[in-house]
Amino acid sequence: MTDNIKFHGPLMKELQRCAAFRAYEHIMSSGTTVGGSDLEEAHLNLYFSDVDEDHVGFAEQLVKGTGMFNALYNEINGELVMKELYHCLPGKKNYSNASNTQGAINMAVMSSKNLSNRVKLKKRVIVTMAKETLKFGKKALAIVKRSDYYRTYMATSSFPSGKNYEDYCHFVREEMFKAREDLAKLDKLNPEEAERVINREAEAETEGEGAYDVDDSAEAHINEEEEKMPNNFTFKGYIAFVLWGPIPPPEYAGNDDFMATAYAAKYRKTLKADGRAAARVSEEREAAKERSQDPMKSQRLGVLAYLTYNYMSRGMSPVLLGQLSSLFLNAMSKCSTSLDLNCCMDIFRTTISPFECDTLSTMLGTTSWFCSFIMSPPIPIPDVS
């Protein structure tokens with residue numbers, strides 16, 4: 001009995017790259033600086049989750065189509081079938097089956113060295129695949145950013161007239177096919193060298209040296225002398241780029257959690273900024289926690305009750321009372337540890353949006369009363385301790 005895997009070889013490696021890249025993105029977007037053996041170990045754990053029982057490995061998530069991988073599949077008669085849009089093998093059906101069925105997308109496909117060798121992927125190989133994905137994704141990003149697809153989507157979160165996500169994916173493949181000579185050169189460079197080359201090209205185009213716009217109109221592709229892209233053409237990292245690049249599939253629209261920071265402009269600067277931002281968020285959370293535990297909490301709640309009684313108990317609905325109370329609590333949470341009602345009221349007035357003001361005014365049925373309340377100075381506060 002053969003131990004070979006009956007699966008399409010290039011797709012096997014592309015799926016592995018997809019999960020490997022997500023592990024790389026997870027590490028790098030956290031702002032943590034790791035390298036060498038530590039980076040490899042972190043990749044191995046995130047890819048397979050052999051160590052951390054609280055984390056489902058990205059390879060397993062891909063097989064099961066969960067989380068950020070769910071756009072890969074259609075569910076047909078209770079089975080997960082990979083969309084042709086991603087595997088680019090016309091007429092083929094690629095099923096996901098976690099029970100290691102021959103010919104299906106399973107953990108044997110995600111963990112083996114190649115079709116004829118079931119030896120488990122090495123951690124160094126996983127890192128290499130992730131960097132390959134990023135390298136070619138950067139090239140795709142440089143091309144896409146010159147297109148009408150990108151300009152329109154960034155401005156309107158929609159596609160150019162008459163176009164959709166499927167057209168965009170085909171466009172990405174077609175433009176990368178045209179650049180296949182460049183891709184062959186990039187393939188020989190390490191990720192750092194490749195990124196320098198791509199950045200130099202992008203800077204030259206920005207400065208007008210050989211700058212051009214990608215013409216993604218139908219007429220631009222009618223050229224009998226130009227070699228036609230094969231229907232099964234993809235590039236390394238294609239799936240990861242169209243899933244988590246700047247223009248996501250419809251399933252992920254509006255969900256920035258899935259977008260890869262690796263495809264953001266000025267990648268390394270973005271990572272550092274994200275790391276600092278994450279630290280600031282952590283500090284703010286700790287400060288909020290301290291505020292919630294400080295000895296003035298009960299006094300704040302007393303003031304809130306007093307304000308609620310004086311300003312809001314005028315026959316208003318429970319819904320309105322709840323909304324206004326929530327706004328007051330939000331304002332109070334931003335005050336310093338010492339009770340400062342003027343500060344609270346200022347924050348309340350500046351944080352309530354015009355929409356919320358109009359909505360609440362409508363619910364009150366008397367805009368003038370609510371506006372005078374918003375603009376009026378705080379009333380004297382009695383001793384509520």
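The values are calculated or read from the model by the stated rules, or taken from the named source; none is laboratory data. The model shown is predicted, which means the values in this text are computed figures rather than measured ones. With ideal geometry, Cβ positions are generated from the backbone for all residues, glycine too; neighbour counts draw on all protein chains shown.
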query = Would the range 27-42 turn up any residue that is over 17 Å from residue 124 (Cα atoms), at pLDDT below 90 and part of a helix (DSSP H, G or I)?
reply = yes
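Here's the yes/no breakdown for (1) in a loop (DSSP other than H, G, I, E, B); (2) farther than 27 Å from residue 13 by Cα; (3) modelled with pLDDT under 70:
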site: 216; (1), (2), (3): yes, yes, yes
site: 248; (1), (2), (3): yes, no, no
site: 273; (1), (2), (3): no, yes, yes
site: 276; (1), (2), (3): no, yes, yes
ask   = Does residue 238 count as surrounded by 16 or more Cβ atoms within 10 Å (Cβ to Cβ) and at pLDDT 75 or above?
value = yes
request  = State which residue is farthest from residue 239 (Cα to Cα) when the search covers only the range 170-194 and only residues that are of a type in the set (D, E, K, R) and at pLDDT 90 or above.
outcome  = 178
